[in-house]
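A.B. asks: The structure under discussion is supplied below as structure tokens; questions concerning it will follow.
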Amino acid sequence: MEEKTEEGFLRLSFDDIDVARNLFGPREENIKYLKKYFNIRASIRGTHLTLMGSTKDIEDASKVISELQGIIKKGFSIHHSDIDHAVRFVSHAQQATVEIGKDQIYIAASKKIIAPKTKNQRIYVDAMRKHDMVIGIGPAGTGKTYLAMAMALSAYYRKEVSRIVLTRPAIEAGEKLGYLPGTMYEKVNPYLRPLYDALYDMVDMERAARLIERGVIEIAPLAFMRGRTLNDAFIILDEAQNTATEQMKMFLTRLGFSSKTVITGDITQIDLADKKTSGLVEVQSVLKGIKGIKFVYFAGKDVVRHALVQKIIKAYEERKSGPGG
């Protein structure tokens, strides 16, 4: 990409016409979308893009465009969400030196790019890359399970693992599945639904169904992990706050060769029977200081759901910490 700069004016020229077309988007939609963030005017002629506006707006827009170009050169298409993520980083002065895209998760099958949105989410993604076992603890909506799912799919398509195992406690009091009506699938499916939802958000349902049918992706209640050794796998235990001590120990000892494990949960939302110790609470002291295991903690500020969710969590935290709380 070549640049020609004058006061209030910047011309960008792209050597590859396919890169330019992907960057500009159909009917120049990506550039139009970018203009909603920056007070600039834009003109496109062939593979040339001219930006006009204040020096800062032009510089920031140019940084975003440069990072988007890097994503395109890796073989991925640009979506509006990618522009949102890039702008979010560039727009904050304290993050100006952060390399945009280095924390992004690429899912080759769907050409989807998923990026952490907060500092703790970036720490979490980095931890999953560097450690064989990561334990993410924090409130709902902080992306613990979603980012772990993205990392699992990315690892599979990069051939770093040969399968993905997703599990969670099926019911609160010890997974007594026999007392529930219906077939085994009907019994456990409602408890595993959030894992399916995250999966379907990243790859289309048909592709996900094929992976499940071939056994590449296994979604099962925690009780099904007993007695197994999971080699060459990316394993996610969700809702771990609802595991008892013996269940957590059982799961932790399933880890085999060439495997990664991510454990997620919210210790403020324990549904176990009274006086029963949560395996997730206990594991914080049991595994503290063990090399190769990384704990990552999330807070209300990391909630990336509807803005009201963050406010609701904060309200409950203030009530709990207040007088008589």
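A.B. asks: List the number of the failed condition for Thr243; all other conditions in (1) modelled with pLDDT of 90 or more; (2) open to solvent by 60 Å² or more (accessible area, probe 1.4 Å) hold.
C.D. replies: (2)
A.B. asks: Can you go through Asn22, Asn30, Asn39 and tell me which one is open to solvent by 60 Å² or more (accessible area, probe 1.4 Å), within 32 Å of the chain's Cα centre (by Cα) and among the polar types (S, T, N, Q)? Break it down into steps so the answer makes sense when it comes.
C.D. replies: Values: Asn22 fails: open to solvent by 60 Å² or more (accessible area, probe 1.4 Å); Asn30 fails: open to solvent by 60 Å² or more (accessible area, probe 1.4 Å).
After applying the criteria, what remains is Asn39.
A.B. asks: While we're looking at this one, here's another question. Counting just the residues of region 246-265 that are in contact (Cβ under 8 Å) with a residue 24 or more places away in the chain, polar (S, T, N, Q) and in a loop (DSSP other than H, G, I, E, B), which one comes out surrounded by the most Cβ atoms within 10 Å (Cβ to Cβ)?
C.D. replies: Here the residue is Ser259.
A.B. asks: Before we move on, is Thr167 modelled with pLDDT of 75 or more, hydroxyl-bearing (Ser, Thr, Tyr) and either surrounded by fewer than 17 Cβ atoms within 10 Å (Cβ to Cβ) or touching an Asp or Glu at 6+ places or on another chain (Cβ under 8 Å) (or both)?
C.D. replies: Details: modelled with pLDDT of 75 or more: yes; hydroxyl-bearing (Ser, Thr, Tyr): yes; either surrounded by fewer than 17 Cβ atoms within 10 Å (Cβ to Cβ) or touching an Asp or Glu at 6+ places or on another chain (Cβ under 8 Å) (or both): yes.
Yes, satisfied.
A.B. asks: Any idea which of (1) of a type outside the set (A, V, I, L, M); (2) at pLDDT below 95; (3) open to solvent by less than 10 Å² (accessible area, probe 1.4 Å); (4) in contact with a strand residue (DSSP E or B) (Cβ under 8 Å, 6 or more places away or on another chain) is the one Tyr157 doesn't satisfy?
C.D. replies: Evaluating Tyr157 over (1) of a type outside the set (A, V, I, L, M); (2) at pLDDT below 95; (3) open to solvent by less than 10 Å² (accessible area, probe 1.4 Å); (4) in contact with a strand residue (DSSP E or B) (Cβ under 8 Å, 6 or more places away or on another chain) leaves (3) as the failure.
A.B. asks: While we're looking at this one, here's another question. Hey, among the residues in region 123-154 that are part of a loop (DSSP other than H, G, I, E, B) and surrounded by fewer than 19 Cβ atoms within 10 Å (Cβ to Cβ), which one's modelled with the lowest pLDDT? Walk me through how you get there before you give the answer.
C.D. replies: Kept after step one, since they are part of a loop (DSSP other than H, G, I, E, B), are these residues of region 123-154: 131-132, 138-143.
The next check asks that each one be surrounded by fewer than 19 Cβ atoms within 10 Å (Cβ to Cβ); those that pass are 131-132, 140.
Numbers: His131: 94, Asp132: 94, Ala140: 84.
Looking at the filtered set, the residue picked out is Ala140.
A.B. asks: Right, something else. Go through (1) assigned to a helix (DSSP H, G or I); (2) closer than 25 Å to Ile105 by Cβ; (3) open to solvent by 60 Å² or more (accessible area, probe 1.4 Å) for Ile71 and report which single condition fails.
C.D. replies: It is condition (3) that Ile71 fails.
The values are calculated or read from the model by the stated rules, or taken from the named source; none is laboratory data. Computed from a predicted structure; not experimentally measured. Quick reminder, even Gly has a Cβ in these numbers, built from the backbone with ideal geometry, and neighbours come from all protein chains shown. Please note that ligands, DNA and RNA were not included when accessible areas were found on the heavy atoms of the full protein model with its side chains. Shrake-Rupley method; radii C 1.70, N 1.55, O 1.52, S 1.80 Å.
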